[in-house]
1. When you scan the range 288-318, how many residues do you find that are farther than 15 Å from T394 by Cα and out of contact with any Asp or Glu (no Cβ under 9 Å at 6 or more places or on another chain)?
2. Only one of these is closer than 22 Å to A138 by Cβ, charged (D, E, K, R) and assigned to a helix (DSSP H, G or I): R22, R90. Name it.
3. Please identify the pairs in which a residue from the range 44-63 that is over 17 Å from A265 (Cβ atoms) has its Cβ atom under 8 Å from the Cβ atom of a residue that is of a type in the set (S, T, N, Q) and surrounded by 23 or more Cβ atoms within 10 Å (Cβ to Cβ), counting only partners at least 6 apart or on another chain.
4. Which ones in the range 129-150 are of a type in the set (D, E, K, R) and surrounded by fewer than 24 Cβ atoms within 10 Å (Cβ to Cβ)?
5. Out of the residues in the range 292-329 that are aliphatic (A, V, I, L, M), within 21 Å of the chain's Cα centre (by Cα) and buried (at least 22 other Cβ atoms within 10 Å of the Cβ), state the one that is nearest to S16 (Cα to Cα).
6. Restricting attention to the range 50-66, and to residues there that are aliphatic (A, V, I, L, M) and surrounded by fewer than 23 Cβ atoms within 10 Å (Cβ to Cβ), which single residue is nearest to the chain's Cα centre (by Cα)?
7. Could you list, in sequence order, all residues of the range 78-95 that are more than 15 Å from D357 (Cα to Cα) and either touching a Leu at 6+ places or on another chain (Cβ under 7 Å) or among the basic types (K, R) (or both)?
8. Residue check, A158 against (1) free of Cβ contacts under 8 Å to residues at least 12 places away in the same chain; (2) of a type outside the set (S, T, Y); (3) over 26 Å from A181 (Cβ atoms), all met but one. Which one?
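The values are calculated or read from the model by the stated rules, or taken from the named source; none is laboratory data. These numbers come from a predicted model, not from an experiment. As a convention, Cβ positions derive from the backbone with ideal geometry for all residues, glycine included, and neighbour counts pool all protein chains shown.
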Amino acid sequence: MNNQAGQHDEEPAARSTFALLRRNPRLLAFMVSQGLAAIALGALLVARIEFATQAFGNEVGIGTLAVTFSIAAAVISIPAGMLVDRANPRVILLISMAVIGVSNISLGYLLVRGPVGVALLVGGAVLEGLATGFALPAMLKTQAALVDAHSRGAAEIANLLRLCIGGLIGSLLARLIPDSAAVVLASGALIVIAGCTSFVIASPAVFRSQRGVTLWESVSQVVPRLRADAPLTRAVVADLVMRVVVPTLLLPLFIVDRDINQSAAKVLAAGTIGVLIGSLTLAHFGVSGRMRRPLVVSFVGYLVAIALGGLLLRNDWLIGEGLPQIMLLGFIVAGCAFSAYGTSALTALVQQRSPDDIRGRLAGLLAVPRLVLQALASLIATALITVGNSHYFTVGLAVVTLLALTALLWFKRIDQHDAQALSVGR
C-alpha cells in the first residue's frame, strides 16, 4: 500500500477522482471525516471577519491574523515534515487537529464572555499556525498511504474537493448562527471530532519511518532529489509562482473595504461556489498528460475576471442591488472557479510526482516558501487595500498575474517528462 518509488511511472489508464473514491471506501470515509474539519474552517472564516474586525477596528485585523498564522506555520514546517517521515503521521495528524480544535474552543469560550484583545487573537493565530504546520504534511502522508502509487494526484484532488465542499457548507451554516462565539466553539469541537474519527479510519495505513537517519540528513536528502527530478521541479516552481497571484484573503478584505457586511454571506458563498465548480471540474477531468492548455485557460480566465471586476468597481458601480450585484457575484464565481482549477491542478501535480519516501519532508520544505509567499501576498493585499482601495488592487493583481504567466512561459514546459506522460484522473 505504501509505494516508496518515484511517481513518474504512472499507469497509461487514467483514473478519475470519483472512480477512486468509489473503489476505495476507506479513502472516501477518511475524506468525509476530514470534511468535518473543512466545515469548521469555512465557518471560522466567516466568524473571523467579525471578531478580528471588532478587535482591530478595520481590515488590518484579518490580514494581521492571516500573516501571523502563515509565518508560524512556515517556521515549524521543515522540522514538522522531518518528524512526519520519522514517526506515524496518523498520530501527528490527531495531535495537531486536537490542538487546533482546543485552541478554537478556548477562543470561543473567551468570546462568549466578552471582546477578546488583539494580543490574545495573535497568540491564538500563532498556536494554530504551529499546529497546522504539523497537520499539513501529516495529512498528505496519511492520505497517500491509503491509495496506490498511481492515485496520489487523484487523492489530492479529493482532498481539495472536501475542502471546497466543507468550506461552502461551513460558511453557509455560520450565517445561520448570528453569534460568532458560538460558531468558534462549535467549529473547535468539530475539528476535534474530525481528528479522532480520521485517526480510527486510517488505522490500516502502513508507514515506513526513517528512524535510523538523523534529522539533518533526512532533510538534506530532499533538495538534491528535488533538483534532480525535473518534472517535479517544474510543477513546484509553477505552484509557488501562481500562489502569489491568488490571495486567499481577497474576498474578506473586499467585504470590509467596501463596507458590505450585509452582503458578506452572498460574496463568500459565491466565492466558495466558484471554488467548488473549479474543483469538481478538476475531479472529473483529472490532471492528464497534457496540462498546459487547461492551465493557461484557467489562469487567463482568472485574469480576465479580476481585471473586469476591478475596472467595474470604479465608483462602486458593482456595489448595488439588481444587475450590478448579479454581475459582481458572477465575476466572483468565475474568478474563484478558474483560480481554483489552476492552483488545485498544480498542487495535484506536485503530489502525484512526489516520491513517497520523502513526501513528508518535501511537504514540510515546500510549506515554507508557500506559506511565506501566501503571507507576503496577504500582507501586500491588506496594505494596498487599506491605503488605497480594492478597485486599484484587483486591476494591479491582473497585471501581476499576466507577468507571472509570462515568467512561467505560459506553462510551456509543464508537460515535459523524463518518462512517459503523466496520466492521473479521468
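1. In the first step, residues of the range 288-318 are kept if they are farther than 15 Å from T394 by Cα; the result is 288-298.
When the remaining residues are screened for being out of contact with any Asp or Glu (no Cβ under 9 Å at 6 or more places or on another chain), the result is 288, 293-298.
Residues flagged as farther than 15 Å from T394 by Cα and out of contact with any Asp or Glu (no Cβ under 9 Å at 6 or more places or on another chain) within the range 288-318 amount to 7.
2. Details: R22 fails: closer than 22 Å to A138 by Cβ.
Exactly one residue qualifies, and that residue is R90.
3. E59/T382; V60/T382; G63/S378; G63/T382
4. Residues of the range 129-150 that are of a type in the set (D, E, K, R), as a first pass: 141, 148.
Hit for the range 129-150 is D148, nothing else.
5. The residue in question is L295.
6. Pass one, the range 50-66, residues aliphatic (A, V, I, L, M): 52, 55, 60, 62, 65-66.
Going one step further and asking which of them are surrounded by fewer than 23 Cβ atoms within 10 Å (Cβ to Cβ), we end up with 55, 60.
Details: A55: 26, V60: 22 Å.
Filtering first and then ranking leaves V60.
7. Result: I78, R90, I92.
8. Of (1) free of Cβ contacts under 8 Å to residues at least 12 places away in the same chain; (2) of a type outside the set (S, T, Y); (3) over 26 Å from A181 (Cβ atoms), only one is false for A158: (1).
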